[in-house]
Each structure stands twice: as C-alpha cells, then as structure tokens.
Amino acid sequence: MHEDEEDPAALFRAAVGKVAPLRKPAQDPPAAARPRPARRPQPDTRDAGPRARCADDPDAVLLRGDASAFRRERVTARDWQRLRRGQFSAQDELDLHGANALQAETLLARFLAEATGAGLGCVRIVHGKGGATGEGVPVLKNLVDRLLRQRGEVLAFHTAPPAQGGTGALLVLLARR
C-alpha cells in the first residue's frame with residue numbers, strides 16, 4: 001500500500017482528476033446605478049413578461065429587487081409604519097434557502113402554526129432574493145408572498161430593511177391568540 005492511498009485527500013484528488021475554476025459571478029452594480037423600483041408601477045399593455053406586483057393586480061410577479069407588502073385593514077397606520085421601518089423585533093426566523101417550492105410551503109405552514117401557537121407577534125421569513133431561474137423570477141419570494149396573503153393569522157408583512165435581509169426577507173406581523 002502506498003502512502004497516498006491512505007491519505008483521504010490524495011485519494012479524492014486522484015478520483016476527481018483535473019478541475020477548472022468556476023467563473024466569478026457578475027458583481028452587482030453600485031447602488032447609484034441600480035434602478036429604483038417604482039412605488040406604483042403602471043400595468044404594461046405590451047406582453048413583456050413578468051411585472052412588479054401592483055395592489056390591484058394579484059397575478060403579477062415580484063422580481064428580484066421588488067419590495068413585498070401586505071396589510072389587513074385592522075393593522076393601525078402606526079403599526080404599519082413601524083413594520084415598514086423594521087422597528088418590530090422578530091421573535092423567530094424561518095430560513096427557506098435551499099428549499100424547493102413544496103418544502104417551502106410545508107415549512108412555512110408549520111412555522112406559522114408554531115409561531116402563532118407560541119403567541120409570537122413578529123417573525124422574519126428569509127426566502128432569498130432568487131433569480132436562479134432563466135427568467136430571473138424568484139420562485140420562493142413569489143410563493144411566500146402569495147401564501148402569506150392567504151393565511152388568516154398574518155396581519156401584515158413587508159420587505160425587511162437592508163440590515164435584516166432586504167428584498168430577500170420579510171417581517172411578518174401575526175395575530176395573537
């Protein structure tokens with residue numbers, strides 16, 4: 001037996017063979033060069049593909065940098081403002097990175113049930129910024145947005161401030177039991 005046959009690293013290198021480094025991913029443009037999302041996007045009459053979600057168009061799609069927001073009527077203006085500013089402290093967090101749509105749906109339902117059962121008032125859901133599909137449409141971001149709107153225990157949600165995940169996370173206000 002040779003020395004390198006006992007060394008797991010040497011065995012691995014021999015099994016894998018020659019490798020080429022991956023290309024570096026494109027860097028995000030500087031903040032000044034990034035377009036700012038419009039507050040109330042106008043519906044596009046051309047068939048140009050996905051659009052930013054508009055309050056009166058629930059079938060529209062959220063894109064990578066789009067903010068996500070939802071508010072039930074019973075949420076006060078003060079609480080809504082505090083949520084938008086990230087002034088509520090998230091009492092628990094669900095990170096959906098790496099989950100597929102079916103797993104994310106199951107994990108989200110279980111997480112919300114446990115959070116409301118524990119009497120939590122605010123949670124953070126990290127869905128990631130997405131953009132892995134060919135069209136650049138973030139699957140989990142759109143799934144979480146749609147599912148949260150359907151849940152009765154969800155009073156409101158808003159894209160987290162940059163320090164708390166930005167457009168890759170949501171702060172969610174929950175109804176207390």
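Residue count for segment 84-127 satisfying the condition of being under 12 Å from Val154 (Cα atoms), more than 17 Å from the chain's Cα centre (by Cα) and of a type in the set (A, V, I, L, M, F, W, C): 3. At least 1 residues being basic (Lys, Arg) and either buried (at least 17 other Cβ atoms within 10 Å of the Cβ) or touching a residue at least 40 places away in the same chain (Cβ under 8 Å) (or both) is the threshold, and among the helices (runs of 4 or more DSSP H) wholly inside segment 58-157 those reaching it are 77-84, 139-150.
Do the conditions hold for Arg176, that is, is it within 21 Å of Gln103 (Cα to Cα), touching a residue at least 12 places away in the same chain (Cβ under 8 Å) and surrounded by fewer than 17 Cβ atoms within 10 Å (Cβ to Cβ)?
Details: within 21 Å of Gln103 (Cα to Cα): no; touching a residue at least 12 places away in the same chain (Cβ under 8 Å): yes; surrounded by fewer than 17 Cβ atoms within 10 Å (Cβ to Cβ): yes.
Taking the combined requirement at face value, the residue does not satisfy it.
Computed from the coordinates by the stated procedures, all read-outs in this text should not be read as laboratory data. This structure is a prediction, so every number in the text was calculated from the model and none was measured. Cβ: placed from backbone, ideal geometry, glycine included. Neighbour counts: every protein chain shown.
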